[in-house]
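Peer 1: One structure coming up, written as structure tokens, with questions to follow.
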Amino acid sequence: MKDSKSNSKKKIIIFASGNGTNAINIYHYFRDHKEIEVSHVISNNKKSRVLRRAHDLKIKCIHFDKEDLYETNALLEVIQDIQPNLIVLAGFLLKIPSSFLAEFPNRIVNIHPSLLPKYGGEGMYGERVFKKILKHREKESGITIHYVNQNYDEGEIIAQYKVDLEDNENLSSLEDKIHALEYEYYPKVIERVIG
Ligand code: GAR
């Protein structure tokens with residue numbers, strides 16, 4: 001029997017590579033939402049915590065290899081079948097190929113743990129970003145939510161949220177501050193962008 005209620009919801013597909021705390025936070029935010037649902041969590045990393053967490057929550061999961069993303073249309077075809085309204089990158093570390101950008105224009109968003117254009121670009125993710133921010137003794141930092149284009153962290157900015165940094169800020173306190181911003185704002189921005 002068809003579940004017409006859930007089928008009429010707008011679908012989010014989350015791409016994640018690592019821990020997946022944002023992915024799971026987004027899932028919980030939309031779990032009882034009337035119009036939007038997280039339909040799938042997708043990862044290139046078979047052993048990732050995100051796939052384990054999503055699996056435990058009975059979210060539909062897909063694992064793919066780099067080859068499926070870059071050398072064939074295998075993953076693109078799977079995603080086309082799901083017909084997502086929005087693709088959400090949450091700690092996803094691979095580059096999105098142009099075939100995806102062409103198929104989903106302005107429908108792929110990413111979150112980055114700094115105030116872009118500062119501390120962005122290839123190889124800048126997670127702890128590496130935080131270490132640079134601390135090294136440069138920034139007085140404030142924050143998060144950027146942006147559309148994805150062909151270059152790492154360069155797509156049109158949708159929203160930025162700031163936080164003050166203390167003189168004695170360390171890796172874990174900075175990480176906590178940034179995650180708090182991510183958990184509060186990423187789901188709300190997704191809700192707004194999906195329309
Ligand atoms: C998040 O802080 C996100 O901003 C960052 O990876 C973390 C993933 O955490 N993304 C990037 O650095 C992208 N360049 P999570 O797996 O616990 O959600």
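Peer 1: Mind counting the residues in the stretch 160-185 that are under 18 Å from PHE30 (Cβ atoms) and more than 13 Å from the chain's Cα centre (by Cα)?
Peer 2: Our first condition is that a residue be under 18 Å from PHE30 (Cβ atoms); within the stretch 160-185, this holds for 182-185.
After this cut, where a residue has to be more than 13 Å from the chain's Cα centre (by Cα) as well, the list is 184.
Of the residues in that region, 1 qualify.
Peer 1: Could you go through the stretch 128-137 and let me know if any residue there is part of a strand (DSSP E or B) and out of contact with any helix residue (DSSP H, G or I) (no Cβ under 6 Å at 6 or more places or on another chain). I'd like the intermediate steps shown before the answer.
Peer 2: Looking only at the stretch 128-137, we keep the residues that are part of a strand (DSSP E or B), and these are none.
Scanning the stretch 128-137 turns up no residue that is part of a strand (DSSP E or B) and out of contact with any helix residue (DSSP H, G or I) (no Cβ under 6 Å at 6 or more places or on another chain).
Peer 1: Another question, then. Kindly indicate the residue of the stretch 77-94 that is among the hydrophobic types (A, V, I, L, M, F, W, C), within 12 Å of the ligand (Cβ to nearest atom) and buried (at least 20 other Cβ atoms within 10 Å of the Cβ) and also nearest to ARG192 (Cα to Cα) among those meeting that condition. Steps first, please.
Peer 2: Residues of the stretch 77-94 among the hydrophobic types (A, V, I, L, M, F, W, C): 78-79, 82, 86-90, 92-94.
Add one more test, that the residue is within 12 Å of the ligand (Cβ to nearest atom), and what stays is 88-90, 92-94.
So of that shortlist, the ones also buried (at least 20 other Cβ atoms within 10 Å of the Cβ) come out as 88-90, 92.
Values: VAL88: 13, LEU89: 16, ALA90: 17, PHE92: 21 Å.
Result: VAL88.
Table: residues versus (1) at pLDDT 95 or above; (2) away from the ligand (no atom under 16 Å from the Cβ); (3) hydroxyl-bearing (Ser, Thr, Tyr).
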site	(1), (2), (3)
ARG107	yes, yes, no
ILE111	yes, no, no
GLY120	yes, no, no
GLY126	no, no, no
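Peer 1: So, one more: Count, please, the residues in the stretch 18-27 that happen to be more than 7 Å from the ligand (Cβ to nearest atom) and within 14 Å of HIS55 (Cα to Cα). Explain how you work it out, then say what you get.
Peer 2: Looking only at the stretch 18-27, we keep the residues that are more than 7 Å from the ligand (Cβ to nearest atom), and these are 24-27.
Still in the list and also within 14 Å of HIS55 (Cα to Cα): 24, 27.
The total comes to 2.
Peer 1: Name the residue that is farthest from ASP176 (Cα to Cα), counting only residues in the stretch 41-63 that are of a type outside the set (D, E, K, R), out of contact with any Phe, Trp or Tyr (no Cβ under 8 Å at 6 or more places or on another chain) and buried (at least 19 other Cβ atoms within 10 Å of the Cβ). It would help to see each step written out before you state the result.
Peer 2: The first filter runs over the stretch 41-63 and keeps only residues of a type outside the set (D, E, K, R), leaving 41-45, 48, 50-51, 54-55, 57, 59, 61-63.
Next, only the ones that are out of contact with any Phe, Trp or Tyr (no Cβ under 8 Å at 6 or more places or on another chain) stay: 45, 48, 50-51, 55, 61-63.
Subset that is buried (at least 19 other Cβ atoms within 10 Å of the Cβ): 48, 50-51.
On the way: SER48: 21, VAL50: 19, LEU51: 22 Å.
This residue is LEU51.
Peer 1: Failed condition for LYS188, given (1) within 13 Å of the ligand (Cβ to nearest atom); (2) among the basic types (Lys, Arg); (3) within 20 Å of ASN25 (Cα to Cα), with all others met?
Peer 2: Failing condition for LYS188: (1).
Peer 1: Does any residue of the stretch 95-102 turn out to be at pLDDT 95 or above, among the β-branched types (Val, Ile, Thr) and more than 15 Å from ILE194 (Cβ to Cβ)?
Peer 2: yes
Peer 1: Follow-up. List the pairs whose first member sits in the stretch 100-113 and is touching a residue at least 24 places away in the same chain (Cβ under 8 Å) and among the β-branched types (Val, Ile, Thr), whose second member is crowded, with 17+ Cβ neighbours inside 10 Å and in a loop (DSSP other than H, G, I, E, B), and whose Cβ atoms are under 9 Å apart, counting only residues at least 6 apart or on separate chains?
Peer 2: The qualifying pairs are ILE108/ILE96; ILE108/VAL148; ILE108/ASN149; ILE108/GLY155; VAL109/VAL148; VAL109/GLY155; ILE111/ALA90; ILE111/GLY91.
Peer 1: Among the strands (runs of 3 or more DSSP E) confined wholly to the stretch 1-93, which include 1 or more residues that are more than 26 Å from GLY123 (Cα to Cα)?
Peer 2: Fully inside the stretch 1-93 and qualifying: 10-15, 36-43, 60-63.
The values are calculated or read from the model by the stated rules, or taken from the named source; none is laboratory data. What you see is a predicted model; the values in this text were computed from it and never measured. Here Cβ is always computed from backbone atoms with ideal geometry, including for glycine, and neighbour counts include all displayed protein chains.
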